[in-house]
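So the structure is just underneath, and the comments pick up after that.
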């Protein structure tokens, strides 16, 4: 018997509203059709109405999870247009806050995944650990998500010795927690039963469908924009975490590996924090021109296109978020799966719908 | 600054884009810009972190051939551009008819600089599916 089931927009496992119209043959999905637009806010249009400095605050609100990296990416674009050289300390601080964002995002995503396959205790433990990362962000910037610490030309806030010690203590706590939690996430029989071999995305399909982030790296594609060395990543040294399983388990393994990698990156960035100004002053508007800037968010590559005509308002601001790029791979994964696996597969991609719709 | 690697036309765009894909270029996204007299459509591809950008200058009112047949991830971007700019995309594998992102009661083609004179898509406003 064939039927169409509307999965979402309100569904217990979906953190944000998106609908997938699933065509089923018995319990097997034969095709999936995404229906978007429930939280489209028109932020790209609004950006054309605000001046280029206000846009730095606006783009931070594209996403409620990886907000800092949005503002950082935008600021890098304006800095390239205006030919501003960001001071080294600001570059290192940008890495610190970016990696803290990655950690809290991965902990949120893996927690939601655990909740999706019914392991509520693991979900709560992972989210409790996430609180330590949020505390570190709050102690250094005064905010837990919308840090507001990135500005054009550098950063708005510094990290002093007391704050550095606080962050390092929190990282020790997180690392200690992860030593207990990650083996459960990756070794537990029931977890593996729900993730291994589920939501297959082979390397060729991942490439053809334009997958990014852990979705691509879980399919064996060594693709991470931090490899380009933006901010201080080039000086800190970096190798992407790649798994070849091509399934939901491999994507979870990538996030687990990146959690530990981010702890290491933050420690090294704080250890080598150079002394310099926090930002460079600038005058006037960005000159006419077009620039494309990309950065690695927790979910993958984010893309910003900025077009200026020399006025205080940009002619065009375009954002392509990682979840938008991962929509096509997600549809490929869902085709052929069974209905009970749909929730797990969706969450293995770690979708951010508010990002996607902007 | 962004470099435009090649300016393409409606006649040769499919051929040019199709030639990139077997060489492992990854489709990143498309960007549409309303420059009053016409639309600039940028097709962005990535190979080993290097961005390749093709530019198509599309007259207002002209139909844009879809590349979703040769490049599946372009489908969602083309539907978004159709929604926001009112550019009619022909040959879409799946056509949301201007309601990919926009609700049925949302203003039509909100990203057009001069609404009403950009393209003639009156018929699609009436035939759009419900969200």
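Every number here is computed from the coordinates shown, using simple stated rules; none is lab data. Only a predicted model underlies this, so the values are computations on that prediction, with no experimental measurement involved. Glycine gets a Cβ as well: all are built from the backbone with ideal geometry, and neighbour counts include every protein chain shown.
Compute the acute angle (0 to 90°) between the alpha-carbon long axis of helix B:74-85 and the principal axis of greatest extent of the alpha-carbon atoms of chain B; round to the nearest 10°.
40
Counting pairs of alpha carbon atoms under 8 Å apart in space and at least six apart in sequence, what relative contact order in percent does chain B give?
Reported as a whole number, the value is 21 percent.
How far is the Cα center of segment A:82-121 from the Cα center of segment A:154-171, in Å?
15
Given Cα pairs under 8 Å that are at least 6 residues apart, what percent is the relative contact order of chain A?
Working: 703 pairs, mean separation 90.3, N = 358.
Taking the mean separation of contacting Cα pairs over the length of chain A, I get 25 percent.
Stretch residue A:164-residue A:21 to full length: gain in nm at 0.36 nm per residue minus the Cα-Cα span?
Details: separation 143, 0.36 × 143 = 51.48 nm, distance 4.80 nm.
Gain in length upon complete extension: 46.7 nm.
Once R0 is set to 60 Å, what does the formula 1/(1 + (r/R0)^6) return for the Cβ-Cβ distance between residue A:10 and residue A:244, expressed as a FRET efficiency to the nearest 0.05? Spell out each step's value before the answer.
Numbers: r = 36 Å, r/R0 = 0.60.
Once rounded, the FRET efficiency stands at 0.95.
Place a point 7 Å from the Cα of residue B:35 along the Cα-to-Cβ direction; which residues of segment A:305-348 have their backbone N under 18 Å from it?
Flagged as within label range: A:305-311, A:314-318.
Compute the distance in nm between two label points, each set 7 Å from the Cα along the Cα-to-Cβ direction, one at residue A:277 and one at residue A:312.
2.3
What length, rounded to one decimal in nm, is gained on full extension from residue A:143 through to residue A:46, with 0.36 nm per residue of separation minus their alpha-carbon distance? Intermediate results must be reported in sequence, preceding the final value.
On the way: separation 97, 0.36 × 97 = 34.92 nm, distance 2.40 nm.
Length gained, residue A:143 through residue A:46: 32.5 nm.
What does the extension gain come out to for residue B:3 and residue B:51, with contour length at 0.36 nm per residue minus their alpha carbon separation?
Details: separation 48, 0.36 × 48 = 17.28 nm, distance 0.85 nm.
Separation in residues times 0.36 nm, less the Cα-Cα distance, equals 16.4 nm.
Can you sort A:119, B:27 from fewest to most other Cβ atoms within 10 Å of each residue's own Cβ?
Numbers: A:119 20, B:27 25.
The fewest-first ordering by Cβ neighbours comes to A:119, B:27.
For the ranges A:186-192, A:215-221, what's the packing order if you count other beta-carbon atoms within 10 Å of each residue, average per peptide, and put the highest first?
Numbers: A:186-192: 12.9, A:215-221: 26.1.
Output ranking for A:186-192, A:215-221: A:215-221, A:186-192.
Find how many whole Å separate the alpha carbon centroid of segment B:33-99 from the alpha carbon centroid of segment A:1-54.
21
Where does helix A:248-271 land angle-wise versus the long Cα axis of chain A, in degrees 0 to 90, nearest 10?
So the inclination is approximately 20 degrees.
So for A:93, A:204, fewest C-beta neighbours within 10 Å to most, what's the order? Can you show the working numbers first?
Working: A:93 27, A:204 11.
Fewest to most other Cβ atoms nearby, the residues stand as A:204, A:93.
How would you rank A:231, A:151, going from fewest to most other Cβ atoms within 10 Å of each one's own Cβ?
Details: A:231 23, A:151 19.
Going from least to most buried by this count: A:151, A:231.
Pairing the Cα long axis of helix A:88-116 with the longest principal axis of chain A, what angle in degrees results, from 0 to 90 and rounded to the nearest 10?
Orientation of helix A:88-116: about 20 degrees from the principal axis.
Which whole number gives the average, over all residues in A:290-298, of C-beta atoms from other chains lying within 10 Å of the residue C-beta?
On the way: counts 9, 2, 10, 1, 5, 0, 0, 0, 0.
Mean partner shielding for this stretch: 3.
Where the centre of each part is set by its Cα atoms, how far does segment A:238-288 sit from segment A:298-358, in angstrom?
Measuring centre to centre over Cα atoms gives 19 Å.
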